[in-house]
Amino acid sequence: MNERIKLLAEQCQLKSYGINGELLDVDFDEEKFAELIVAECRDMFVVGSVSWNLLNDKLEHFGVEEHDQAAR
């Protein structure tokens with residue numbers, strides 16, 4: 001797994017700690033991970049270009065709403 005994917009995966013960890021600060025449990029938010037990967041991919045496209053429009057058509061298939069890069 002490359003470093004960027006590892007960093008995204010770390011952002012999706014849900015850690016539970018005990019009273020003494022000990023790590024009790026680690027869970028993983030799959031939905032957030034998917035959203036972060038989609039956002040990374042989307043940032044590679046130019047807003048308004050043909051490829052941008054095709055990308056958004058494909059993302060609609062997965063229920064992902066179109067976002068404007070400038071809004072981020």
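When region 1-22 is examined, which residues are found to be in a loop (DSSP other than H, G, I, E, B), touching a strand residue (DSSP E or B) at 6+ places or on another chain (Cβ under 9 Å) and among the hydrophobic types (A, V, I, L, M, F, W, C)? Cys12, the sole residue that qualifies.
Here is the figure for region 14-43: residues that are surrounded by 10 or more Cβ atoms within 10 Å (Cβ to Cβ), among the charged types (D, E, K, R) and modelled with pLDDT of 80 or more total 5.
Residues in region 1-27 that are of a type outside the set (Lys, Arg) and under 21 Å from Cys41 (Cα atoms): Met1, Asn2, Glu3, Ile5, Leu7, Leu8, Ala9, Glu10, Gln11, Cys12, Gln13. Of the residues screened, Val46 is one that is in contact with a helix residue (DSSP H, G or I) (Cβ under 9 Å, 6 or more places away or on another chain), exposed (fewer than 11 other Cβ atoms within 10 Å of the Cβ) and not polar (S, T, N, Q).
For region 16-34, the tally of residues that are out of contact with any Ser or Thr (no Cβ under 9 Å at 6 or more places or on another chain) and without any contact (Cβ under 8 Å) to a residue 12 or more places away in the chain stands at 9. Can you name the residue in region 42-57 that is touching a residue at least 12 places away in the same chain (Cβ under 8 Å) and part of a helix (DSSP H, G or I) and is also nearest to Ala9 (Cα to Cα) among such residues? Among those residues, the one meeting the criterion is Arg42. Of the residues making up region 44-64, just one is modelled with pLDDT under 75 and either in contact with a strand residue (DSSP E or B) (Cβ under 6 Å, 6 or more places away or on another chain) or of a type in the set (Phe, Trp, Tyr) (or both), namely Phe62.
The values are calculated or read from the model by the stated rules, or taken from the named source; none is laboratory data. Computed from a predicted structure; not experimentally measured. As a convention, Cβ positions derive from the backbone with ideal geometry for all residues, glycine included, and neighbour counts pool all protein chains shown.
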